[in-house]
Every structure is written in C-alpha cells, then in structure tokens.
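Take a look at the structure set out below.
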Amino acid sequence: MLIAFAEAVLAGDGDRLGPARAHLQRELGPAALVDAAAIVATFEQMDRIADASGIPLDGALDLVSQDVQAELGLASFASSHNTSSSPFGRLAARLLAPIRAPMMRLASRFLR
C-alpha cells in the first residue's frame, strides 16, 4: 500500500495516485497519509539536492560496485552522468570481480 502510494506520487500518475491515497487514508488514517506524503517528499527533495550539487560516486566505490550498478541498471538514470567511469575503471572492476568479496570482508575486519 505504501509502495503503491510512493510509486504513484513519484511517477506523477494521477490515475493511480487517487486510489492509492484513498486506500492509505482508509487503512491507516489521515495522519499516516500526511506522514507518508512527507516521507516521499523528503526523499525526493534529498535526491534532487544531491543531483543538483553534482555529488559523484568516488572512484574506489565506483570501482567495487560496477557489478551492482550494472545489475540495477543505474546508468539509465539521468543523474548517472555525475559519475563517469573510465574504461580503465570498468576493466579493473571486471578483473577484480572474482576477489572483490574476499577483499571487502578483509577490509571490513580492519575497519572495525
């Protein structure tokens, strides 16, 4: 119910928004509807602030997260231009993929 509401708000889909809003208000009450709308708006605001400021993904994080980025299709988002992976970075990510998980576990032990 909350996901349907958030998706309708973010998509700007008036046909889905009315029923989603009514369902949420009926099931959880008017205060919960206001809270849900505020949470959706806050996340949207933070995302827009981050995009507007051009916050890039740092090189190391970009390198170790290439497979996750590809799996999630993050390059299809407009803000993906804020982080431009170099061909070398993409190649290094593929070469390091087999040892990435053990390296991350080892690093997490030292960072505790």
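Can you pull the Rg over Rh of the stretch 1-41, Cα-only, Kirkwood?
Details: Rg = 8.9 Å, Rh = 9.7 Å.
My calculation puts Rg/Rh at 0.92.
May I ask for the Rg/Rh ratio of the stretch 1-81, computed from Cα atoms with Rh as the Kirkwood radius, given to two decimals?
Working: Rg = 16.3 Å, Rh = 14.8 Å.
Result for the stretch 1-81 is an Rg/Rh of 1.11.
Since every read-out is calculated from the coordinates, none of them should be taken as a lab result. These numbers were taken from a predicted model, which means no experiment stands behind them.
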